[in-house]
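Enquirer: Quick one: the structure is below, and I'll ask about it shortly.
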Amino acid sequence: MIKEPITVRPGLPIEEAALIMRDHKVGCLPVTEGDRLVGILTQTDMVEALVRLFGLRKAGSRIVVEITDRVGVLHEITSVFKEKGISIRSLATFERAPGLYHLTFRLSVADARDLGGRFREDGHEGCVCQLGGEAWASTSGR
């Protein structure tokens, strides 16, 4: 038995708890208030948080746009969604290389294929639209 387990407090942001679990290579964290155990945070809870953060239980489509980090690029992309009356269900960023990111959008529309051409016209060549398991891509050669 571990005499002094790593614990977290209620209300700790989920991403901070995930980092603690990863850094300490543990599959769960006791949640305590003072000396009292009030819950346990598990890997299953982390997966459920990801499902909710990405809006995966709601119908829609996924589009990934490769961008170079610069002021205003997110505004440019989201302006296209606004122009077409498309709501963003979620947005995640992934740094592919220093200054190069993939923006992953979950959108309210069932089919986002026509957006790929628009983003390529605007200079965002690394655009991938996904519907179910099918993807339509344009790559920039990177």
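Enquirer: Could you put R57, R106, R52 in order, starting from the residue whose Cβ has the fewest other Cβ atoms within 10 Å?
Expert: Taking fewest neighbouring Cβ atoms as first place, the list is R57, R52, R106.
Enquirer: Quick check: residue separation of R57 and C28 times 0.36 nm, minus the Cα distance between them. What number comes out in nm?
Expert: 8.0 nm
Enquirer: Also, I was wondering about something else. For a quick check: sort K3, K84 by the number of other beta carbons within 10 angstrom, fewest at the front.
Expert: Taking fewest neighbouring Cβ atoms as first place, the list is K3, K84.
Enquirer: If Lys and Arg each add +1 and Asp and Glu each add -1, what is the summed charge of the other residues whose beta carbon sits under 15 Å from the beta carbon of S87?
Expert: Spelling it out: positives minus negatives among the neighbours equals +4.
Enquirer: Now for a separate question. Computed FRET efficiency, Cβ-Cβ of A97 and R36, R0 35 Å: what is it to the nearest 0.05?
Expert: The formula returns an efficiency of 0.15 here.
Enquirer: Can you tally the net charge around L50? Count Lys and Arg as +1, Asp and Glu as -1, for every other residue whose Cβ sits under 13 Å from the Cβ of L50.
Expert: 0
Enquirer: For the range 50-67, in order, what is each residue's ³J(HN,Hα) by Karplus, 6.51 cos²θ - 1.76 cosθ + 1.60 with θ = phi - 60°, in whole Hz (x at glycine and Pro)?
Expert: 5, 4, 6, 4, 8, x, 6, 8, 9, 5, x, 10, 10, 9, 10, 10, 8, 9
Enquirer: Could you work out the relative contact order of the chain, using alpha carbon pairs under 8 angstrom and six or more residues apart, expressed as a whole percent?
Expert: 20 percent
Enquirer: Could you state the angle between the C-alpha long axis of helix 73-83 and the longest principal axis of the C-alpha atoms of the chain, as a value from 0 to 90 degrees rounded to the nearest 10?
Expert: Here the helix axis deviates by roughly 70 degrees.
Enquirer: Could you tell me which label, among [x] 60; [y] 48; [z] 75, carries the value of percent of Cα pairs over 19 Å apart calculated for this structure?
Expert: Matching the structure shown: [x].
Enquirer: In nm, what is the difference between 0.36 nm times the number of residues separating L19 and K84 and their Cα-Cα distance?
Expert: Contour length minus Cα-Cα distance gives 19.7 nm.
Enquirer: Can you work out ³J(HN,Hα) from phi for every residue in the range 109-118, in order, using Karplus 6.51 cos²θ - 1.76 cosθ + 1.60 and θ = phi - 60°, giving whole Hz and x for Gly and Pro?
Expert: Using θ = phi - 60°, the values come out as 8, 6, 9, 9, 4, 5, 6, x, x, 4 Hz.
FYI, it's all coordinate maths here, none of it is from the lab. Keep in mind that this is a model prediction, so the values were computed, not measured. When we count neighbours, we look across all protein chains shown, and the Cβ atoms used for this are built from the backbone with ideal geometry, even at glycine.
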